[in-house]
Amino acid sequence: MMMLRRAAVACGLALVLGGTVMPGRQAEAAASLTPAQQGWVGRIETSLAETKSFQARFEQVTEQDGRSVGTVLLERPGRMRFSYDPPSPLLLVANDGKVVFQDRSIGQITTIPLDHTPLGLLLRPNPRFSGDVSILGYEQHGSEIQLRVTRTENPGEGEMTLFFSTRPLGLKGWTVLDAQGHRTVVHFSEARTGVSIPESSFDLPKDED
């Protein structure tokens with residue numbers, strides 16, 4: 001049982017951390033985009049910046065732990081909450097420049113600086129896929145765009161592929177890939193933007209006395 005709980009914690013952290021680079025793995029060069037692709041990236045950046053709040057259902061899938069579901073809340077800048085549906089004991093909240101992951105079943109709290117996670121890229125006031133963020137790959141299939149991104153100076157902190165619909169333009173989910181090749185996939189549904197979210201939703205979990 002303890003091993004299963006530890007796996008659940010690892011699964012939740014993979015949602016935001018990505019993986020660390022294994023010895024010998026080389027950072028990839030940034031992708032070279034066509035003018036049309038650059039235009040889409042610009043529109044995506046504008047759409048993200050204009051999305052001040054967001055609420056959706058999420059489905060998280062990993063090869064190791066299967067499927068879990070819950071509700072995600074986002075408020076830019078810097079705040080996000082993943083509430084896993086019961087009976088899952090997991091909760092993840094980003095606020096105050098940090099990400100706090102809680103496993104209520106064992107009273108475990110794990111804290112990571114937000115800027116050390118791929119989620120930090122999304123929660124900036126004005127997300128940009130340039131400068132300190134590099135696009136490693138761009139693909140477009142019908143009405144879906146996929147952007148594979150990493151931090152330019154620290155690619156070992158994680159790699160994320162973001163999925164966007166083009167009609168209408170909006171975030172559909174992402175995949176996080178760790179150094180061992182394990183994937184955590186998150187898809188959104190029933191998404192709403194411009195929603196009012198109570199301040200208390202982003203209270204950071206604390207150790208239970």
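The values are calculated or read from the model by the stated rules, or taken from the named source; none is laboratory data. Please read these numbers as outputs of a predicted model, since none were measured by experiment. Counting neighbours? That spans all protein chains shown, and the Cβs are built from the backbone with ideal geometry, glycine included. Quick note on the areas: whole protein, heavy atoms, side chains included, nothing else; ligands and nucleic acids left out. Shrake-Rupley method; radii C 1.70, N 1.55, O 1.52, S 1.80 Å.
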Task: Potential extension, S130-T46 segment - 0.36 nm per residue separation minus Cα distance - done: 28.9 nm
TODO: Would you please classify the overall shape of segment 118-209 from the alpha carbon gyration tensor, given that a ≥ b ≥ c denote the square roots of the eigenvalues, rounded means a/c under 1.5, and beyond that prolate means a/b larger than b/c while oblate covers the rest?
DONE: oblate
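Roughly how large, in nm² to one decimal, is the mean projection of the convex hull of the alpha-carbon atoms in segment 27-73? Numbers along the way, then the final one.
Details: hull surface 23.3 nm².
Projected over every direction and averaged, the Cα hull of segment 27-73 covers 5.8 nm².
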- [ ] Starting from the Cα of K52, draw a straight line to each of the lysines and keep only those under 18 Å, dropping any in the same chain fewer than 8 residues away.
- [x] K172
TODO: Quickly rank 68-74, 159-165 as a protection proxy: mean count of other C-beta atoms within 10 Å, highest first.
DONE: 159-165, 68-74
Open item on the list: For segment 105-204, what does the accessible surface come to per residue with a 1.4 Å probe? Please give it in Å².
Closed with: 47 Å²
